[in-house]
Structures are given as C-alpha cells and as structure tokens.
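Following: one structure in structure tokens, then a few remarks.
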Amino acid sequence: MKKNAKIYVAGHRGLVGSAIMRRLEAKGFSNVITRRHAELDLCNQAAVQAFFAEENPEYVILAAAKVGGIHANNTYPAEFIYKNMMIEANVIDASYRNNVSRLLFLGSSCIYPKNAEQPMREDALLTGVLEPTNEPYALAKIAGIKLCESYNRQYGTDYRSVMPTNLYGQGDNFHPEDSHVIPALIRRFHEAKLRSDAEVVVWGTGRAKREFLHVDDMAAASLFVLQLDDETYKANTLEMLSHINVGAGIDCSIREMAETVKRVVGFEGELVFDTSKPDGAPRKLLDVTRLKAMGWEYAIPLEEGLASTYQWFLDNEGHFRA
C-alpha cells in the first residue's frame, strides 16, 4: 500500500482496531479514515452505502463487531448474530459497489467446532458442532468469511479474512464482570496486592491450556496479510477456504499464565485454584502453519506483553473503577 492510500478502519476504537490504528500511524500511513458509531451506524445499509460513495476508500479493514464474554453471548444472542451479520454484509457489499481494492475481515477462533482436533487448522471450519454459548456470534463470523469468499468468487474482488486467537493488551476491557481471563486476572492480582490479601483464587484446576497473542502482534499480522502479494497469498489459501489463523502457535496452561501475571503484578500472596469450578475446553490452540508459510511469526513473548499491558492498566486505572 502507498503511504497516502485512503484506508478505512471500521471499529477503530476497539481492542484490535485501536492497535491497527497505532500500527498504521507507526508505519507512516497518512490517509486513514474512521467514523464513530454515533457518526455512522454500520447496521444501516443506506448510511454505509452513502459513506462509501462519498469517501471512496481504497482499502478497508473490517474490525468492527459486537463482542462480549460468555454472559453477554448468552444474554443477547439475537443481537450478536443480527448486528454482526448486518455490519459484515453492509461493509463488504459497499466495498464491492464502490471499487475497494482490497478488504481485510477480522473474525474469531470461535468459528471452529467445539471438539475440533488440536491444534485447530483452517480446514476444521464447518466440520462439527459449535460451542453453544457463542454459536450466534460464531455463525456471524463464519458468514463474514463466506461473504468475502463469495464476492471474490463471483466478482473477482480481493477480500481476505484473518482469525485471531485469544488477544490481550493495551485497550483491553478490565471490567470485573465481563472481561476475558488475562485482564480479569491482572485486575484481580492488582487489587489483591493493594489490599495485601493472602491469596487470589482462580477458577478450575489450572491445567487447561490456552494460546494468547498480544494485540500489537495481531495488528502487525493484519497489515502483513492485507499487503501480501497475490502470488504468495493465493499459493497458501483456497478459493472457498481462504481464512488465515493468526496466533503464536504455542500455548500454556492457565496455571502458568496466572503465575506469570502474579509475578508481573508483584502479588506476594498465594495462588489458589478452585477445582469445583469448570476448566472449559482442555485445550484451544490454532495451527498457524499457513501464516508461517507466508512469512509472518509473532514477536512479543507472553511475559513481556503482560508487563506492558499491566503498565497500561496502571496508567488508565481510573477508568476501570467499578
């Protein structure tokens, strides 16, 4: 991409979108356009079409989505499937109708079947039953992949999809009720340290394994895939199996991750596991062979990423008080 190419980032204020904005700025891209939800409702087809016709972006990064944890997914399943499908359909179709050169769609690793073989390869898609708690969201993300592939197939567009593993980092949600595991533990250990608590309790046995990727690595991978030459991209994808896993390609146990957070935060009490609580899936790891073959690997080790995330939390702690 030329440094002055007009790039529209949808979802620029979210965890991934804001990281992509930082990456674009660091790389010298000077013509990035954004809209807040109050300025442009991506569920409104007419408004999206009018925006694209007026702005005529050359590249689109579709990071906008309605997201949430298990509680939110269970409570608002209709909103999760409707809003995400509307956002994807409107942005992808408007991109086609206004001659966008290339689009990148950001999905989620929850697209894979609940009992998919580990590590999860791209061709595990649509081979089994999804996790029931987030099935509506997963189906919407699968629809986004298939929208990109179908427009490519029928209209010759160049729309690509990336599926990230569990992300964390600057801009994460640290709310005590609906945050994901890393920000939840950072906050829990931090507050326990301030109170001089004797222990911090973590759900489960600690044996379940998860893969984590710093959001700045995700932003780097996103721009890498967006800018990848056609020959390399097509050599490593299929017409109707074109999405690309993005992860570290390594995982760790919840115990190992929690011990690392404890060390980074400086909590000196005990780490206790409540084995009466569920572990969830025993393992969730992405196969990133396809992305490595294209020439990209993660750069930020977990402890380094956790340290920078904790520092960001400290710098913004006032915003997270319940």
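Condition first: acidic (Asp, Glu) and either over 18 Å from Asn152 (Cα atoms) or buried (at least 19 other Cβ atoms within 10 Å of the Cβ) (or both). Now tell me which residues in segment 75-110 satisfy that.
Scanning segment 75-110 gives Glu79, Glu88.
For residues that are aliphatic (A, V, I, L, M) and free of Cβ contacts under 8 Å to residues at least 60 places away in the same chain, tally how many sit in segment 289-313. Walk me through it before giving the result.
So the first thing to find is which residues in segment 289-313 are aliphatic (A, V, I, L, M), and the list is 291, 293-294, 299-300, 302, 306-307.
Within this subset, residues satisfying the condition of being free of Cβ contacts under 8 Å to residues at least 60 places away in the same chain are 293, 307.
The number of residues fulfilling the criteria is 2.
Considering only segment 34-59, state which residues are closer than 30 Å to Phe212 by Cα and surrounded by 15 or more Cβ atoms within 10 Å (Cβ to Cβ).
Of segment 34-59, the ones closer than 30 Å to Phe212 by Cα are 34-37, 42, 59.
If the condition is that a residue be closer than 30 Å to Phe212 by Cα and surrounded by 15 or more Cβ atoms within 10 Å (Cβ to Cβ), then Thr34, Arg35, Leu42, Tyr59 are the ones that fit.
Among the residues of segment 228-245, which ones are within 12 Å of Gly295 (Cα to Cα) and in contact (Cβ under 8 Å) with a residue 12 or more places away in the chain?
Selection gives Leu228, Thr232, Tyr233, Asn236.
Restricting the first residue to segment 7-32 and requiring it to be without any contact (Cβ under 8 Å) to a residue 60 or more places away in the chain and within 25 Å of Ser308 (Cα to Cα), which pairs with a second residue that is β-branched (Val, Ile, Thr) and part of a loop (DSSP other than H, G, I, E, B) meet a Cβ separation below 7 Å and a spacing of at least six or different chains?
Pairs found: Val9/Thr34; His12/Thr34.
Against the definition (among the small types (Gly, Ala, Ser) and in contact with a Phe, Trp or Tyr (Cβ under 9 Å, 6 or more places away or on another chain)), how does Gly318 come out, yes or no?
So Gly318 does not fit the description; no.
What number of residues in segment 175-204 are closer than 21 Å to Asp217 by Cα and either basic (Lys, Arg) or under 16 Å from the mean Cα position of the chain (by Cα) (or both)?
Summing the residues that are closer than 21 Å to Asp217 by Cα and either basic (Lys, Arg) or under 16 Å from the mean Cα position of the chain (by Cα) (or both) in segment 175-204 gives 5.
Mind listing just one residue for me: the one in segment 129-179 that is within 30 Å of Leu314 (Cβ to Cβ) and charged (D, E, K, R) and, of those, surrounded by the most Cβ atoms within 10 Å (Cβ to Cβ)?
Top of the filtered list is Asp172.
All of the numbers you see were taken from the coordinates with simple rules; none came from a lab. Please read these numbers as outputs of a predicted model, since none were measured by experiment. Glycine gets a Cβ as well: all are built from the backbone with ideal geometry, and neighbour counts include every protein chain shown.
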